[in-house]
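Worksheet: one structure, shown below.
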Amino acid sequence: MAIPVITRLYSQDDIGKMSIFFSILLIVSSIGMLRYELVVTICEKTEFNRIVNLCLSILLINTIIVILLVVFFNYFFKSYSILGGLIYLLPVGLFVFGVFSLFNNILMFDKNYNLLAKIKINQVVLSLLLQMSFFKIGVIALIMSQIISYGIIGVKGAFSKIKIDLGVLKYRDEFLKYKKYLIYSTPGALFNSLGGQFPAILIGILFGVIYAGFYGLAQKLVFTPLIMITNNLSNIFFSESKRMIEDKTISEKLGSFFKITTIIALPLLIIIYFSIEYIVAIALGEQWVDVGKIIKYMLFWVFFFVLGAPVSILYEVVGMQKVGLIFQFVLFLCRIMSIIYSYYVNDFFLGIMVFSLLSGLCWLGLILWIVLYFKVNLFSNPN
């Protein structure tokens, strides 16, 4: 709700640089704990503290590696950087985002879904308050507001829940026991993050920071609320999936979910398609009207994302991480090729259309795999 204010307080250049920074951060943080944070939600109580400390140890090592890489890059390739000194905030962001993610998984382990939803809302509110209060310092306020809000909530919450005892070698048995997450989930998460975030970086390089801002803002407007919803649904599917598989009710539950979601989402997306450009022009200002055009072209992708994202975690549950890896790799290639194609034909918006089409088809492919694997009946009446 504060985005109309943010677009009037900050320049297109500020928002473009913020989009590129957080795209890099989200790529790095997606593998900050090598996906062992997922184990926290499904491990035995006797393993809990050891798994959490393993995650923190891996995160700390990766943060140190990123510090070294940032110093190296800025020393030898400073002239190629479009972020300048902002890149030095990357290691701080990695550690803070990682701890916040770990805290979320700790709450899922405790099945404390109410607090999980509450802290996400608190983080968003605190971040927006900081952005509106310190807008005079520009893009630094946009970035630091996020880091500070995640830090205050995540670091305090996580460290209050565990007994710190770091060291990867201490937890060798747990590291090897759940190595599938390292071997398959980590590359899958990396390709997923690259597919979602690298386009903004590539757009910034090929079309300029302002177009990266347009794309980043469109993505934020559409996917920030959607991801909050789909992540919560995904967390529930993840924590309840073993029971549903044992009870043989998962096929029925998936069928109901797909049909009810389609009934709700499809009419809403049709309305958005015909009205979004006018809404954006009024809400954000005429200078941001291209954001509305980008959102309009994204809707095909959005529809299949809404259907597929909440249940995409199921391949982790059944030990089919290879499927996730293939899906994320194909999705990444399709998206990068669409952006490169748009640069080749010198038509940014055509590239976004191709980007959305290919992304939607990839999600449709994953949905069809889930339907076939779990033998979902799409023609029964939803409960």
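Read-outs: derived from the displayed coordinates by stated rules, not from any lab. This structure is a prediction, so every number in the text was calculated from the model and none was measured. With ideal geometry, Cβ positions are generated from the backbone for all residues, glycine too; neighbour counts draw on all protein chains shown.
Couplings 3J(HN,Hα) of the range 6-16, computed from phi: 4, 5, 9, 8, 10, 7, 4, 5, 4, 5, x Hz, in residue order, whole Hz [Karplus 6.51 cos²θ - 1.76 cosθ + 1.60, θ = phi - 60°; x for Gly and Pro]. A DSSP coil position with no more than 11 other Cβ atoms inside 10 Å describes the following trypsin sites (Lys or Arg not before Pro) in the range 299-381: LYS375.
The alpha carbons of the range 223-383 stretch over 54, 31, 26 Å along the principal axes, in descending order. Our helix-only sum for the chain, with -39,500 (n - 2.57) per DSSP H run of n ≥ 4 divided by its residues, gives a mean residue ellipticity at 222 nm of -25500 deg cm²/dmol.
Computed from the alpha carbon positions, the gyration tensor of the range 1-177 leads to an equivalent ellipsoid with semi-axes of 31, 22, 11 Å, biggest first.
Taking θ as phi - 60° and the Karplus parameters 6.51, -1.76 and 1.60, the scalar couplings of the range 352-367 work out to 5, 5, 5, 4, 5, 4, 5, 5, x, 5, 5, 5, 4, x, 5, 4 Hz in sequence order, x denoting glycine and proline.
Between LYS170 and LEU269, the distance separating the two model label sites (each 7 Å from Cα on the Cα→Cβ line) works out to 4.8 nm. Cross-link reach is defined here as a Cα-Cα straight distance under 23 Å, omitting same-chain residues fewer than 8 places apart; for LYS45 the lysines meeting it are LYS111, LYS156, LYS161, LYS163, LYS170, LYS177, LYS179, LYS180, LYS242.
Arranged from fewest to most other beta-carbon atoms within 10 Å of their beta carbon, SER160, SER11, SER312 become SER160, SER11, SER312.
Ratio of Rg to Rh for the chain: 0.95 [Cα atoms; Kirkwood radius as inverse mean 1/r over pairs]. Across the range 116-198, the volume of the C-alpha convex hull divided among the residues equals 155 Å³ per residue. Between the range 198-234 and the range 1-70, what's the alpha-carbon centroid distance in Å? About 16 Å separates the Cα centre of the range 198-234 from the one of the range 1-70.
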